[in-house]
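Encoded as structure tokens, the structure appears first; notes follow it.
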Amino acid sequence: NAGVTQTPKFQVLKTGQSMTLQCAQDMNHNSMYWYRQDPGMGLRLIYYSASEGTTDKGEVPNGYNVSRLNKREFSLRLESAAPSQTSVYFCASRRQGLTKNIQYFGAGTRLSVL
Amino acid sequence: AQKITQTQPGMFVQEKEAVTLDCTYDTSDPSYGLFWYKQPSSGEMIFLIYQGSYDQQNATEGRYSLNFQKARKSANLVISASQLGDSAMYFCAMRENFGNEKLTFGTGTRLTIIP
């Protein structure tokens, strides 16, 4: 009963390095999301994908790119990491077509950019 | 303007007591959904309870209930008979328009249960 799986759990980067955060869900959900969580600011939406092959910007997309590889997988890429991107990143997914529309979250990736 | 406001950064509650976590929201959309999530120290986000704007009754899920006061735009989470395992961050969130993809979160309340 995996739900939403994120890798890696922890990562330390140097400024300017690139990396990709991976996310996969096994609930056959249509929509997937990437959030970042910073102290005192709650979660903010970076990008989302309403269906395979589509992606849209959220509240804080600058410095990030995403790929919806297939229905299961949604990756977040930092091309040139900056200290301001130090954060905890969460992936989430939900099934469309329901009013309740609960988003289910992965365990998070804690990223530090030095 | 903040769409979701949680005015209690932290709360301390005696074990077995009931606790109310405050959440007010701001929207002009008649169709919206309100959510509460729990984030324990391990970091994962756990869905607790949902209230739709057209729901006639307050939502309940086990020891969790949502005190929904539509005219006041408040959606407070009530935890009955608190347990040590309830110690966590709690986030209120809203989705405006049922078809909207975006969930807006409040800044959270850190709840500590005292034995």
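Of all residues in the stretch A:25-50, those that are part of a loop (DSSP other than H, G, I, E, B) have Cβ atoms under 6 Å from Cβ atoms of residues that are open to solvent by 30 Å² or more (accessible area, probe 1.4 Å) and among the small types (G, A, S), 6 or more apart or on another chain, in A:D26/A:A2; A:N30/A:S51. Pairs are defined by a Cβ separation below 6 Å, a sequence spacing of at least 6 or placement on different chains, a first member in the stretch B:95-115 that is touching a residue at least 24 places away in the same chain (Cβ under 8 Å), and a second member that is among the charged types (D, E, K, R) and open to solvent by 50 Å² or more (accessible area, probe 1.4 Å); the pairs so defined are B:T104/B:K3; B:I113/B:E15; B:P115/B:E15. When you scan the stretch A:46-65, do you find a residue that is modelled with pLDDT of 95 or more, of a type outside the set (F, W, Y) and touching an Asp or Glu at 6+ places or on another chain (Cβ under 7 Å), even just one? Yes, the stretch A:46-65 contains a residue that is modelled with pLDDT of 95 or more, of a type outside the set (F, W, Y) and touching an Asp or Glu at 6+ places or on another chain (Cβ under 7 Å). Screening A:Q17, A:Q11, A:Q37 for residues that are within 27 Å of A:L114 (Cα to Cα), within 12 Å of chain B (Cβ to nearest Cβ) and polar (S, T, N, Q) leaves exactly one candidate, A:Q37.
For (1) within 30 Å of A:L111 (Cβ to Cβ); (2) away from chain A (no Cβ under 14 Å); (3) open to solvent by 40 Å² or more (accessible area, probe 1.4 Å); (4) touching a helix residue (DSSP H, G or I) at 6+ places or on another chain (Cβ under 7 Å), each residue gets a yes or a no:
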site: B:Q6; (1), (2), (3), (4): yes, no, no, no
site: B:E17; (1), (2), (3), (4): no, yes, yes, no
site: B:S41; (1), (2), (3), (4): yes, no, yes, no
site: B:E44; (1), (2), (3), (4): yes, no, yes, no
site: B:Q51; (1), (2), (3), (4): no, no, no, no
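For the stretch B:23-36, the candidate set comprises residues that are over 13 Å from B:G52 (Cβ atoms) and without any contact (Cβ under 8 Å) to a residue 60 or more places away in the chain; within that set, the residue that is least open to solvent (accessible area, probe 1.4 Å) is B:W36.
Test A:P61 against the stated conditions and say whether it is within 13 Å of chain B (Cβ to nearest Cβ), part of a loop (DSSP other than H, G, I, E, B), open to solvent by less than 60 Å² (accessible area, probe 1.4 Å) and not aromatic (F, W, Y).
Values: within 13 Å of chain B (Cβ to nearest Cβ): yes; part of a loop (DSSP other than H, G, I, E, B): yes; open to solvent by less than 60 Å² (accessible area, probe 1.4 Å): yes; not aromatic (F, W, Y): yes.
In short, yes.
Does B:L103 satisfy being modelled with pLDDT under 95 and surrounded by 18 or more Cβ atoms within 10 Å (Cβ to Cβ)? It is true that B:L103 is modelled with pLDDT under 95 and surrounded by 18 or more Cβ atoms within 10 Å (Cβ to Cβ).
Among residues of the stretch B:49-73 that are part of a loop (DSSP other than H, G, I, E, B), those with a beta-carbon under 8 Å from a residue that is basic (K, R) at least six positions away or on a different chain give the pairs B:S53/B:K70.
The values are calculated or read from the model by the stated rules, or taken from the named source; none is laboratory data. Being a predicted model, the structure only gives us computed values, none of them experimental. Heads up, the Cβs are rebuilt from the backbone with ideal geometry, glycines too, and the neighbour counts pull from every protein chain shown. Heads up: the accessible areas ignore ligands, DNA and RNA and are worked out on the full protein's heavy atoms, side chains in. Shrake-Rupley method; radii C 1.70, N 1.55, O 1.52, S 1.80 Å.
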